[in-house]
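Peer 1: Quick one: this structure, given as structure tokens, is what I'll be asking you about.
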Protein chains: 2
Amino acid sequence: MDIDRNAPVGVFDSGVGGLTVAREIMRNLPAEKIVYFGDTARVPYGNKSRETVIRYSRQIIRFLREQKVKAIVVACNTASAFALDAIRDDLDIPILGVIEPGAKVAAAQTRNKRVGVIGTLGTVGSGIHREYLKKYDPDIQVFAKACPLFVPLVEEGWLHDPVTVEVASRYLKELQDKNVDTLILGCTHYPLIRSTIRNIMGEGVCLVNPAYETALELGRLLEEKNLLSTGTQQEEFPYRFYVSDLADEFKAFASSILPYDVEMTQKIDIEKY
Amino acid sequence: MDIDRNAPVGVFDSGVGGLTVAREIMRNLPAEKIVYFGDTARVPYGNKSRETVIRYSRQIIRFLREQKVKAIVVACNTASAFALDAIRDDLDIPILGVIEPGAKVAAAQTRNKRVGVIGTLGTVGSGIHREYLKKYDPDIQVFAKACPLFVPLVEEGWLHDPVTVEVASRYLKELQDKNVDTLILGCTHYPLIRSTIRNIMGEGVCLVNPAYETALELGRLLEEKNLLSTGTQQEEFPYRFYVSDLADEFKAFASSILPYDVEMTQKIDIEKY
């Protein structure tokens, strides 16, 4: 199949969290166009089953294919953990999740071979980070901890709040006790409370942000497949956003974390796909 | 239309929370059979739009009609707030939400005519409690406060935790400052942290649990329509549970809050309805 190298990259997430990944792609691959889908009608994915997350992801893939994307980034950790293998089989374009790029860097960074992972119940329960880390280095010991209150705390806007510090201290205590020297922020919301996590874990612990690593990995993948945008064409809207609910709220949140004002956000009925 | 008075009552919620309503129906109307649906594949509803909640509720109503229920209880505050009027129009059987029964009792209880309401962002944003309270007594002043962290805290199991006390103190402070003498627990999860809320608000404030009031109201409604079960038939499974995801997890949670072990929980594809 001939893939148009100047087609957009499709990026999807259960909601707004994946915008932290889109932001890194915009920063690091400025010639790339993006079609973003946030499944705000069914958010969150972190407390749902593998089977359901696969079904939702397949619907989104069908929508993104209709948008003629040249590659797909699964910007949601839970969907990357549960659905990536299943949906990759259906596809003839490159697809990339956020688990592998984070795990690869963590495996390269750790010195004492003790790596921590924090994420949703779904992501942590899947054991997927352990799988990848062991693939890179079988000697690595992995300590994973689900932090289900982090997303609601971030969405409440309590980023530097004593309550968030107390909750984080409690969640992170067992990872500190295990003496990890590297910690994967395995949920797209977590980079937004990075400084709180840094204060608790200390300067000695390397925090891995998979959003950033995924953007770099995407660049390598597109280059390898000869799919990097040649950036010749000019478009009014290089970034297009679609959601399954609450388009206005999404637009407001997106504009607050992206480096420009989001113009176009459109609501679609994802259950039809 | 002839309705079978010994048919089950349909009860639905976005997830497990509505079980607090089902529990009150079991306690107060022991002759009634129940078909419960929890939309665990799309939970929560509290952060979704009116339009989406109406669409989800309509699908569930179609499923419950297929189960030949004689009446429907919308056990979800957000669905009651957003969808009750829309779905009532389609129905030829009685339907009841959890907002009106709670508001009715609060209006009767308050002495200083200052009533507080706590709930999800969706429920509080809808202003529906104010509407009903004003209908019962136009002199009542209503003070509403969204408490989005309560549901994740309850689901984390931190029912009597210092973090929950701190979060609750902060959320409830402005209602205390307003000197409310009655407080509606406008979300099905909140009765599970009733004692924390009671400690903060003090003995002088009357806490209204809409789950209980809804069960009583259902009894009155069925009696009025001549639909109270005659309780002559014996069935092996008077209570049947359906969910859209994670049937085993639901069963475990349900068994922990209901007065008996839940035998049958079945997963269905609600998007097909």
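Computed from the coordinates by the stated procedures, all read-outs in this text should not be read as laboratory data. Please read these numbers as outputs of a predicted model, since none were measured by experiment. Every residue, glycine as well, gets a Cβ built from its backbone with ideal geometry; the counts of neighbours run over all protein chains shown.
Peer 1: Quick one: net charge around A:Tyr190, please, counting Lys, Arg +1 and Asp, Glu -1 for every other residue with C-beta under 13 Å from its C-beta.
Peer 2: +2
Peer 1: Using modelled amide H (1.01 Å from N, peptide plane; none on Pro or chain starts), what sits under 5 Å from the amide H of A:Leu207, excluding residues fewer than 5 places away?
Peer 2: A:Leu183
Peer 1: Taking only C-alpha pairs under 8 Å that are 6+ residues apart, what is the relative contact order of chain A in percent?
Peer 2: Relative CO of chain A lands at 26 percent.
Peer 1: Let me ask you something else. Would you work out the charge dipole size for the protein assembly as shown about its Cα centre, treating the Cβ of every Lys and Arg as +1 and the Cβ of every Asp and Glu as -1, and quote it to the nearest 20 debye?
Peer 2: My answer is approximately 360 debye.
Peer 1: Something else: Could you work out the relative contact order of region A:116-273? I mean the mean sequence separation of Cα pairs under 8 Å and 6+ apart, divided by the number of residues, in percent. All intermediate terms of the calculation are to be shown ahead of the outcome.
Peer 2: On the way: 154 pairs, mean separation 28.8, N = 158.
Averaging sequence separation for qualifying contacts and normalising by length gives 18 percent for region A:116-273.
Peer 1: Continuing with this model, one more query. Could you pull the Cα extents of the protein assembly as shown along its three principal axes, largest to smallest, in whole Å?
Peer 2: 73, 48, 46
Peer 1: Any idea what the A:Asp248 label distances to the other copies are, label 7 Å down the Cα→Cβ vector, nm, shortest first?
Peer 2: 4.4
Peer 1: Sticking with this one: Going by Cα centres, region B:63-109 and region A:84-157 are how many Å apart?
Peer 2: Measuring centre to centre over Cα atoms gives 42 Å.
Peer 1: Oh, and also: Taking springs between alpha-carbon atoms closer than 10 angstrom, which of B:Gly231, B:Gly186, B:Gly18 fluctuates most in the Gaussian network model of chain B?
Peer 2: Between B:Gly231, B:Gly186, B:Gly18, it is B:Gly231 that shows the largest mean-square fluctuation.
Peer 1: In nm, to one decimal, how far is the A:Ser169 label point from the B:Glu203 one, both placed 7 Å along Cα→Cβ?
Peer 2: 3.4
Peer 1: Can I ask one more? Please compute, for peptide A:166-178, the average count of beta-carbon atoms on other protein chains lying within 10 Å of each residue's beta-carbon.
Peer 2: 1
Peer 1: Run the quick spin-label model on A:Asn226 and A:Asn112: label points 7 Å from Cα toward the beta carbon, then report their separation in nm to one decimal.
Peer 2: 4.9
Peer 1: In addition: What lysines could a cross-link reach from B:Lys145, if we take a straight Cα to Cα line under 25 Å and drop same-chain neighbours fewer than 8 places away?
Peer 2: A:Lys251, B:Lys48, B:Lys104, B:Lys113, B:Lys134, B:Lys135, B:Lys173, B:Lys178
Peer 1: How large is the dipole of chain B about the Cα centre if only Lys and Arg carry +1 and Asp and Glu carry -1, each at its Cβ, rounded to the nearest 20 debye? Show your work: numbers first, answer last.
Peer 2: Numbers: 33 positive and 37 negative charges, 131 e Å.
The calculated dipole for chain B is roughly 620 debye.
Peer 1: Mind checking which of B:Leu153, B:Thr188, B:Tyr171 is farthest towards the positive end of region B:138-192's charge dipole, using Cβ charges of +1 (Lys, Arg) and -1 (Asp, Glu) about the Cα centre?
Peer 2: The residue sitting farthest along the positive end of the dipole is B:Tyr171.
Peer 1: Using the Kirkwood radius over Cα pairs, work out the Stokes-Einstein diffusion coefficient for region B:103-231 at 20 °C and 1.002 mPa s, in µm²/s as a whole number.
Peer 2: Numbers: Rh = 15.4 Å.
Estimated via Stokes-Einstein, D reaches 139 µm²/s.
Peer 1: A further question on this structure: Mind checking the full-extension length gain between B:Ala252 and B:Ala86? Use 0.36 nm per residue of separation minus the Cα-Cα distance, one decimal, nm.
Peer 2: Taking 0.36 nm per residue and subtracting the Cα distance, the gain is 56.4 nm.
Peer 1: Looking at chain B, I'd like the Rg to Rh ratio, where Rg is from alpha-carbon atoms and Rh is Kirkwood's inverse mean 1/r.
Peer 2: Over the Cα atoms of chain B, Rg/Rh equals 0.95.
Peer 1: Okay, next question. Say a label goes 7 Å from Cα toward Cβ at A:His160 in every copy; what distances in nm does this one have to the rest, shortest first?
Peer 2: 3.7
Peer 1: What area, in nm² and to one decimal, does the C-alpha convex hull of region B:194-253 cast on average over all directions?
Peer 2: Approximately 7.6 nm², given one-decimal rounding.
Peer 1: Just to be sure I understand: if I project the alpha-carbon convex hull of region B:38-180 onto a plane and average over all orientations, what area do I get in nm²? Present the calculation step by step, with values, prior to reporting the outcome.
Peer 2: Working: hull surface 38.6 nm².
Mean orientational projected area (region B:38-180, Cα hull): 9.7 nm².
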